[in-house]
Amino acid sequence: NQIYPDSVSFQTDDNQTYILSFNNPFPNHYTALVTIENIQDYAGNILTPFQTPVLFRSIERNDIIISEIMADPTPQILLPPCEFIELYNRNITDSVILKGWKLKIGSTTKNLPDIIIPFHQYVTLVPSSCYEEYVNLCNHVFPVSSLSITNDGQEIILLNDKDEVISYLHFSVHWHSNILKREGGWSLEIKDLEKPCLGSENWNSSVSNLGGTPSTQNSINEEVVDYKPPIIEKAIVTDFITILIYFSEPILSFNTQIPFRLDHNIRIFKAEIVSPSNQIVKLELFDPLQTKTIYTLSVVDTIEDCCQNMIPLWSSIPVAIPEDPLVGDIVLNEILTDSYQDSDADFIEIFNCSSK
């Protein structure tokens, strides 16, 4: 099918760049063959007919990822004593421009410059005060006002121009398996670029003699095998029609819109993965939950992590609405005051003797 632009405009004053605008958006992952013909210059020379494929592709979560962090650059090894964050173009098979993007470090949001990342290449973000030092050391360096990364660890989120989460990380200083490297001077690197959802098992200290590998392949680049399925850790009722389900790791996707079931004929209206961590699923119910009732929440369809490990079907967890206790609802039931051979194993047991 031939589709013609609804309008054509000049992008620059020299009439060398044109913008083609279409009223109807193209679907994501759609490839169009663009044909240009019957164009002539001021001398009357006519353009040889030209064709090129164009991919309409939005940047989705984990297409661009955070691949290295220098949170504590001192004591200095050989790199400049400055923090940095490295990004990697995992999935976009072309150079992409990150225009209007942001980096959220803890509670602080940093505006990023226009960043160009070629396919399967790295870029490094550094504080503007260190920009000249890093430009002389490596390629693809971009300045930001500051980074101020907490040494012990915190959330780092890459946001696109629509404030959608593209890459998420909550690192810890304990991701350095080498205790000495936790004292500073060494970056944390991701091991397996194809498993960006994994946490500590996919990160470790750089082994480069520089202390890090900004804008180049990580020194600990290796495949990480993960066969562990996500598990439900807990479910919290926030009100009569809302349940939050907490998973042991980020959830990639659902096969169906609602892969859960509640007993007692409770219908589920909506299930959505909660950003930015993707480790929480929010359920909204048609029917309100009742007090003094224990419900069973079960998984009835495919739920996967980013390594395609599937939570076992019919995994379940009890759900109930908590109630405030009255006097006598909870009692002291057993006491051990003199433990065997001074083992300090004293205990007090309490018991819920109510119907709540």
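The values are calculated or read from the model by the stated rules, or taken from the named source; none is laboratory data. On a predicted model such as this, the values are computed, not experimentally measured, just so you know. Cβ sites come from the backbone with ideal geometry, for glycine too, and all protein chains shown count toward neighbours. Note: accessible area is taken over every heavy atom of the protein model, side chains too, but ligands, DNA and RNA are not part of it. Shrake-Rupley method; radii C 1.70, N 1.55, O 1.52, S 1.80 Å.
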The stretch 95-140: relative contact order as a whole-number percent, Cα under 8 Å and 6+ apart:
32 percent
Compute the length gained on full extension between residue 47 and residue 349: take 0.36 nm times their separation in residues and subtract their Cα-Cα distance, giving the result in nm to one decimal.
100.0 nm
Extent along principal axes [Cα atoms of the stretch 73-159; Å; largest to smallest]
38, 31, 19
Rounded to the nearest percent, how much of the accessible area of the stretch 1-140 (1.4 Å probe, protein heavy atoms only) is carbon and sulfur?
50 percent
Who wins for biggest fluctuation among 108, 52, 256 in a Gaussian network model of the chain, springs between alpha carbons below 10 Å?
52
What is the sum of charges around residue 240, taking Lys and Arg as +1, Asp and Glu as -1, for the other residues whose C-beta is under 12 Å from the C-beta of residue 240?
-3
Equivalent ellipsoid dimensions for the chain as semi-axes, Å, which come from the Cα gyration tensor, largest first
49, 32, 17
Whole-Å semi-axes of the stretch 273-327's equivalent ellipsoid, largest first, each the root of 5 times a Cα gyration tensor eigenvalue?
28, 14, 11
Let me know the Rg and Dmax you get for the stretch 248-309 when you use only its Cα atoms, in Å.
12.6, 39
q = 0.13, 0.15, 0.24, 0.32 Å⁻¹, the stretch 14-59: log10 I(q)/I(0) [Debye, one scatterer per Cα]:
-0.43, -0.55, -1.01, -1.23
Once each part is reduced to its C-alpha centroid, what is the distance from the stretch 162-192 to the stretch 205-258 in angstrom?
13 Å
Provide the packing ranking of 327-340, 55-68, 220-233, 92-105, i.e. peptides ordered by the mean count of other C-beta atoms within 10 Å per residue, highest first.
55-68, 92-105, 220-233, 327-340
How much length is gained on full extension from residue 256 to residue 11, taking 0.36 nm per residue of separation minus their Cα-Cα distance?
83.9 nm
GluC sites (Glu not before Pro) within the stretch 234-323: which are DSSP loop residues with at most 16 other Cβ atoms inside 10 Å?
323
Could you compute how much accessible surface residue 177 exposes when probed at 1.4 Å, giving the result in Å² to the nearest 10?
80 Å²
Taking only the alpha-carbon atoms of the stretch 129-250, the convex hull volume per residue, in cubic angstrom, is 167 Å³
Counting only protein heavy atoms and rolling a 1.4 Å probe, one gets per residue an accessible area for the stretch 208-356 in Å² of 61 Å²
Could you grab the relative contact order for the chain? Cα pairs under 8 Å, six or more apart, rounded to a whole percent.
11 percent
For the stretch 164-315, what Kirkwood radius comes out of the mean inverse Cα-Cα distance, in Å?
17.6 Å
Share of accessible surface on carbon and sulfur in the stretch 154-293, whole %, 1.4 Å probe and ligands ignored, is 50 percent
